[in-house]
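Below: the structure, in structure tokens.
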Number of protein chains: 2
Amino acid sequence: MRITLIGSGNVATHLGAALKNAGHYIVQVYSRNLQNAALLAYHLKAEAIDDLSLINADTDLFIISTSDGVIDSVAAQIAPYQKPIVHTSGATPIQVLLKYTEHSGVFYPLQTFSKVKEVNFRTVPLCIEGAYEDMTAMLKELAFTISNNVSEVNSAQRKILHLAAVFACNFPNYLYYTAQQLLAKHELNFNLLRPLILETAEKVEVQLPANVQTGPAVRNDVKTMESHVGLLNDEPELQHIYELLSQAIIKMGNT
Amino acid sequence: MRITLIGSGNVATHLGAALKNAGHYIVQVYSRNLQNAALLAYHLKAEAIDDLSLINADTDLFIISTSDGVIDSVAAQIAPYQKPIVHTSGATPIQVLLKYTEHSGVFYPLQTFSKVKEVNFRTVPLCIEGAYEDMTAMLKELAFTISNNVSEVNSAQRKILHLAAVFACNFPNYLYYTAQQLLAKHELNFNLLRPLILETAEKVEVQLPANVQTGPAVRNDVKTMESHVGLLNDEPELQHIYELLSQAIIKMGNT
């Protein structure tokens, strides 16, 4: 397929590379910042543009991979070309595009991307929504060229997925950060915790989290929890987080 | 070495297997519950006992791997044999043993163990403390026979490690659980989140968590956070957790 990328952030970068590797042709890469567009376009052997009036209409699909707030205005500007348009946002309903064109869809990769780390796209869950059957079928076919993990997910479900991803990814990473800070404060190396972090995640690749919960809270080990809260006396915010999450785990253990 | 295991839980099971595989001889396995002792002893080709008066004194080391609350009373009963004693608890100071014998130490594997999943012990961080130099040296030598990741850690530091492990392991697993429950409630498969969970953990194997934080909070994307809080209207407890952790991440982003 001939594909045009609108955006040059983490999702556009990883998705663009996966599409290119699967044999698709990237026509143009648009970014407000021409340098960013040029950098990604160079890797994808595409044309870089920083002005939507320079869009090449000879494309099969526009992929809008910008920040959520500008999807609407971008869609308004590219809809006149009458080509299929998808966005890649977990939090944005398909309606944002449907206002401008019936050829609307969503192509949401449920993964955390950062420029510093390669991702094996074949394992990335791709959540697909099309405004009508042929659009869905086209997006599914495209999705399977880059991933083995493709699902149809409507806008209401995608909202839940996006929320759940905050609990499964963003919040755990923050807790890794608090652990690393605690260690640093006591001159302990974060390497001591890295195998534990990986094992904790690997466990739930096959088990359900409820079956592998460990620690003082699930044992209702009050003495250890009190000792931990005492160690956090100069960190009232962490104390609060410790108590709230421990109470929730105690409750979970009792259900 | 000739080693006696007091306890038959997750730590005793995995540690016993690693020691046995490294060529050590497991003399006895003690558990209050003879069936549990027998099951582990069978795998380790050791003798099972459920009475500490049946202890075979012909051993080089007692490893107490019980729940924290009974370490003290076990130590009192085996100290008269005048053999080195270690416990494997993150939360318990070496003093609990020193009350009874100078040949005291700690052998703390910083990992989460469950009977359902094999662990590669060579990557498990072993945190060693000896009451005196020769004891430390002996424990270090033993530790290196089963792991490549051995550190000297005193009782005060070990307390911090144990606390940090709650933030790095127990709390993230609880958040995986909440994510899984959200998905289940909306008939979405937890498999959609599993690659994200693994990638989030794998990232911090090489990066510092602060450098790979993603999500609406670190972007201070108020609109998305408000929408997420709205989706949790019938889950006030999760709402509270969402708000507390998001505020903490916003603060972290501003430092």
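Points to keep in mind about this one:
- For region B:234-254, a tally of residues being closer than 13 Å to A:Ala248 by Cα and without any contact (Cβ under 8 Å) to a residue 24 or more places away in the chain returns 6.
- Only one of the numbered conditions (1) touching a residue at least 12 places away in the same chain (Cβ under 8 Å); (2) open to solvent by 20 Å² or more (accessible area, probe 1.4 Å) is violated by A:Phe144, and that is (1).
- Any hit, region B:177-195, residues being open to solvent by 10 Å² or more (accessible area, probe 1.4 Å), at the interface with chain A (Cβ under 7 Å from one of its Cβ atoms), touching a residue at least 12 places away in the same chain (Cβ under 8 Å) and assigned to a helix (DSSP H, G or I): yes
- Within region B:12-19, not a single residue is surrounded by 15 or more Cβ atoms within 10 Å (Cβ to Cβ) and in a loop (DSSP other than H, G, I, E, B).
- Every condition in (1) within 11 Å of chain A (Cβ to nearest Cβ); (2) open to solvent by 10 Å² or more (accessible area, probe 1.4 Å); (3) touching a helix residue (DSSP H, G or I) at 6+ places or on another chain (Cβ under 8 Å) holds for B:Ser155 except the one numbered (1).
- Pairing residues of region B:206-228 that are more than 18 Å from A:Thr66 (Cβ to Cβ) and in contact (Cβ under 8 Å) with a residue 40 or more places away in the chain with residues that are in a helix (DSSP H, G or I) and open to solvent by 50 Å² or more (accessible area, probe 1.4 Å), at Cβ distances under 9 Å and at least 6 apart in sequence or on separate chains, gives B:Ala210/A:Gln181.
- Number of positions in region B:212-250 that are at the interface with another protein chain (Cβ under 8 Å from one of its Cβ atoms), open to solvent by 50 Å² or more (accessible area, probe 1.4 Å) and either outside any loop (DSSP other than H, G, I, E, B) or modelled with pLDDT of 95 or more (or both): 4
- Filter pass, B:Leu5 being in contact with a helix residue (DSSP H, G or I) (Cβ under 8 Å, 6 or more places away or on another chain) and in contact (Cβ under 8 Å) with a residue 40 or more places away in the chain: yes
The values are calculated or read from the model by the stated rules, or taken from the named source; none is laboratory data. Model, not experiment: these values are computed from the prediction. Here the Cβ is made from the backbone with ideal geometry for all residues, glycine too, and neighbour counts use every protein chain on show. Accessible surface areas use protein heavy atoms only, side chains included; no ligands, DNA or RNA. Shrake-Rupley method; radii C 1.70, N 1.55, O 1.52, S 1.80 Å.
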